[in-house]
Protein chains: 2
Amino acid sequence: MIEPVKALNIDFNLATGLSTTRESTKRQLSRMKGMYYDEQAFDEKVAKENDPLIYEFYELEVPQTEGDILFGTSIVYPGKVGNEYYMTKGHFHTILETGEVYYCLSGNGYMLMENPEGDWQIEKFAPGQAVYVPPRYAHRSINTGDQPLVTFFSFRADAGHDYGTIETKGYRKLVVEKDGNTEVIDNPKWA
Amino acid sequence: MIEPVKALNIDFNLATGLSTTRESTKRQLSRMKGMYYDEQAFDEKVAKENDPLIYEFYELEVPQTEGDILFGTSIVYPGKVGNEYYMTKGHFHTILETGEVYYCLSGNGYMLMENPEGDWQIEKFAPGQAVYVPPRYAHRSINTGDQPLVTFFSFRADAGHDYGTIETKGYRKLVVEKDGNTEVIDNPKWA
């Protein structure tokens with residue numbers, strides 16, 4: 001007889017996004033070399049601020065089939081590299097035709113999306129806002145506030161993460177602070 | 001040229017689960033005839049309490065492909081029919097081999113699950129607890145607390161809902177209050 005698959009019950013604190021029962025994956029700034037456009041500010045920050053933690057998220061061990069759903073929280077901390085806000089690396093799904101939902105639990109920011117054809121979109125995160133990333137769109141969470149940006153995400157468990165395309169080409173757009181306002185600018189380093 | 005699919009941004013209040021921009025689907029008690037085991041208590045409640053609202057949830061218009069994710073909130077109100085707690089109808093997915101995640105935003109209760117082979121499982125909801133319903137499992141949310149049980153759910157958009165199997169056969173197990181405690185009992189009406 002086949003053993004039934006067990007249900008999971010996992011805690012993610014509604015305020016901090018952190019779990020007491022699972023270990024998060026942590027991304028310090030040095031792991032994002034080349035992704036922020038101000039390279040001098042990047043190098044200084046890594047050196048002088050002891051390579052700060054930019055974001056963390058959970059990678060659960062759910063069976064990676066097309067019928068399963070992977071989920072967890074993502075926490076992007078507040079801060080800037082030069083005038084560019086802290087953000088996640090951003091990724092496409094390896095199975096490009098799969099979407100993902102992010103539900104904002106706390107903090108403020110944006111989801112920046114672009115597809116291989118060059119269309120880009122941006123949606124606002126605020127507590128209680130769900131952002132749906134359609135299939136084919138790379139997506140990056142950006143914290144423009146002064147508190148951690150905490151989201152609960154879910155997507156098809158077999159979708160996979162393609163980080164390489166963004167690491168190589170970059171994003172078409174960047175989100176920066178200018179004169180106290182949040183602005184979307186063209187990425188001068190986009191390949 | 002193919003028009004890019006638009007991202008969605010939808011509000012679901014973190015405390016109440018309600019959206020100000022979308023209309024919910026509402027389930028009043030009379031729509032659940034035969035699902036609570038105490039039929040006399042059921043009939044009395046429908047008549048004397050003006051057919052109370054038991055739960056509501058959102059059904060968004062996301063493309064129903066295997067690559068899309070459907071999401072929304074579910075709100076089960078507190079109360080009992082006889083000694084059986086307010087609950088959702090519960091459903092299998094039409095595509096049986098698809099899972100679903102529920103993240104509890106507020107309230108207390110349980111997710112009761114069973115598969116066609118007769119295995120059943122129960123997991124606890126409390127604020128900040130995510131419950132993963134594996135593929136093949138019917139699932140029903142049950143509010144055992146005195147506040148609304150609010151969860152954020154997501155699943156593959158083409159999975160579909162099979163309510164008929166539960167409506168016809170019932171659940172193997174029920175969740176009731178006995179001497180001030182919450183107990184799982186066999187369903188005397190299970191077919």
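Derivation of every value follows stated rules applied to the coordinates shown; laboratory data play no part. Note that the structure is a prediction, hence the values are computed from the model and not measured. Cβ sites come from the backbone with ideal geometry, for glycine too, and all protein chains shown count toward neighbours.
Largest GNM mean-square fluctuation among A:G160, A:G180, A:G99, using chain A with Cα springs under 10 Å: A:G180.
Near B:K45, which aspartates and glutamates are there with a Cα under 15 Å away, not counting those fewer than 8 places off in the same chain? List returned: B:E84.
Of the GluC sites (Glu not before Pro) in the stretch A:1-86, the ones in a loop by DSSP (not H, G, I, E or B) with at most 13 other beta carbons within 10 Å are A:E23, A:E49, A:E59, A:E61.
Ignoring lysines fewer than eight residues from A:K169 along the same chain, the ones with Cα atoms less than 19 angstrom from its Cα are A:K33, A:K89, A:K189. Taking only the C-alpha atoms of the stretch A:25-186, the Rg (one decimal) and the largest Cα-Cα distance, Dmax (whole number), read 15.1, 47 Å.
Rounded to the nearest 10 degrees, the inclination of helix B:39-48 to the longest alpha-carbon principal axis of chain B is 70 degrees. Charged neighbours of A:G67, selected by a Cβ distance under 13 Å, balance to -4 (K, R count +1; D, E count -1). For the stretch B:50-64, 3J(HN,Hα) computed residue by residue from phi via the Karplus equation (6.51, -1.76, 1.60; θ = phi - 60°) reads 6, 6, x, 6, 8, 7, 8, 7, 10, 10, 7, 9, 8, x, 8 Hz, glycine and proline entered as x. What are the nm distances, shortest first, from B:E49 to its equivalents in the other copies, labels at 7 Å along Cα→Cβ? Ordered by distance, the counterparts are at 5.4 nm. Pairs of Cα atoms nearer than 8 Å and 6+ residues apart set the relative contact order; for chain A it is 23 percent. From least to most packed, judged by other beta carbons within 10 angstrom and beginning with the fewest, B:L174, A:L8 follow the order A:L8, B:L174. The rotation axis taking chain A to chain B passes closest to this chain A residue's Cβ, listed with the gap in Å: A:S154, 2.
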